[in-house]
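Some notes on the structure that comes next.
The values are calculated or read from the model by the stated rules, or taken from the named source; none is laboratory data. These numbers come from a predicted model, not from an experiment. Cβ placement follows ideal geometry from the backbone for every residue including glycine, while neighbour counts extend to all protein chains displayed. To get the accessible areas, we keep the full protein, side chains included, count just its heavy atoms, and leave off ligands, DNA and RNA. Shrake-Rupley method; radii C 1.70, N 1.55, O 1.52, S 1.80 Å.
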Amino acid sequence: MITLYNADRCPYVARVRIMLAEKGIDFEAVEIDLSDRPAWYYEKNPTGRVPTIEEDGGPPLPESAVILEFLEERYPEPALLPADPADRAFVRLLIFRDTDLTSPYYALRRGEDGAREQFDAAVGRFDALLGEQPYLSGADYGLADIALIPWFLRARDMLGVDFHGFPAVADWLARLEQRPAIAAEAGLVAAL
Ligand SMILES: N[C@@H](CCC(=O)N[C@@H](CS)C(=O)NCC(=O)O)C(=O)O
C-alpha cells in the first residue's frame, strides 16, 4: 500500500495523484496542512514539502519527479515512458526543465510586471512543440504530460488564462481531459 502525503492545492502532488490514478494504484492519502504543518512531517521530508510517499511503511520518498520515475518502475503497466532511450531522455529533459513553465506561472500568480508576456512566451513554446507531436511525451501520452499539466489546469481555472490563442495547447488540454485521471484532477482544481 502506498501512502501519499497530500495537499489538494499543490501541483507537485497533482503529478503523483494523476500518476497513481493512471496506474490504478490504491493509496492512502494523508492530508498535510501547509499553513500549519505537523512537526512529525519533517521526519518524513526535512524540507517540509509535499508530496512524499511511503510504500508499505518503508522509507519516505520525496520529490515529485523522482516519485513519478519510481512509480513507473515499480508499476510498469501501463507504460508511461516511451520505449526508445532518446525519447525517454527528452521526456526527462522537459520535466528537469519544468521551471520553464512554473517560473512564469508563479510570476503571473504573484502579479509581477511582465509576467503575462513571459507566461505567454512559455506557453507558445509548448504550443510549437505540440504542433509537432501529439503529446509532450512524444507520440503517446505519458510522464511529461502528467508532470506539466497541473500548472496548465491551474493557470486556466485559477488564474483565468485562456489558451484559445494557443491551438495546439488547447487541443492537448481537451484531449487530456478526456482521461479520467486528468478529469478528476481538473475537478479537484475547480473546487479549490
Ligand atoms: N521539488 C518539490 C517541490 C514541492 C513543493 O514545492 N511543494 C509545495 C506545495 S505545492 C510545498 O510543500 N510548499 C511548502 C514549502 O515550501 O514550505 C517536488 O517536486 O516535490
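Here each label is just a point 7 Å from Cα along the line to Cβ, and for Glu69 and Met1 those points are 2.9 nm apart. The separation of segment 35-59 from segment 62-110, counted between C-alpha centres, amounts to 21 Å. Placing pseudo-labels 7 Å out from each Cα toward the beta carbon at Arg125 and Asp162 gives an inter-label distance of 2.6 nm.
When the charge dipole of the chain is built from unit charges on Cβ atoms (+1 for Lys and Arg, -1 for Asp and Glu) and taken about the Cα centre, the candidate among Gly114, Leu80, Asn45 whose Cα reaches farthest toward its positive end is Gly114.
With no solvent and one equal point scatterer per Cα, compute the Debye intensity ratio I(q)/I(0) for segment 79-192 at 0.15, 0.19 Å⁻¹ and report its log10, rounded to two decimals. The calculated log intensity ratios at q = 0.15, 0.19 Å⁻¹ are -0.64, -1.03. Which whole-number percent is the relative contact order of the chain (Cα, under 8 Å, 6+ apart)? 23 percent. With q set to 0.16 Å⁻¹, the log10 of I(q)/I(0) for the chain, from the Debye formula over equal scatterers at the Cα positions, is -1.05.
Only bridges with both residues in segment 1-137 count here: give the DSSP antiparallel percent, nearest 5. Before the final figure, lay out the partial values.
Working: 6 of 11 bridges.
Approximately 55 percent, going by the DSSP bridge assignments.
Among 81-89, 114-122, the peptide with the highest mean count of other Cβ atoms within 10 Å heads the list, and the full ranking is 114-122, 81-89.
Set the Förster distance to 30 Å, then compute FRET efficiency between Asp113 and Leu192 from the Cβ-Cβ distance, nearest 0.05.
Values: r = 26 Å, r/R0 = 0.87.
Step by step, r from the Cβ atoms, then E = 0.70.
At a 1.4 Å probe, what is the % contribution of carbon and sulfur to the accessible area of segment 74-131? Before the final figure, lay out each step's value.
On the way: 1840 of 3470 Å².
Carbon and sulfur: 53 percent of the exposed surface of segment 74-131.
A simple spin-label model places the labels of Glu77 and Asp26 1.8 nm from each other, with each point 7 Å out along Cα-to-Cβ. Residues whose amide H comes within less than 5 Å of that of Ser137, counting only those at least five positions distant or on another chain, are Gly142, Ala144, Asp145 (H built at 1.01 Å from N in the peptide plane).
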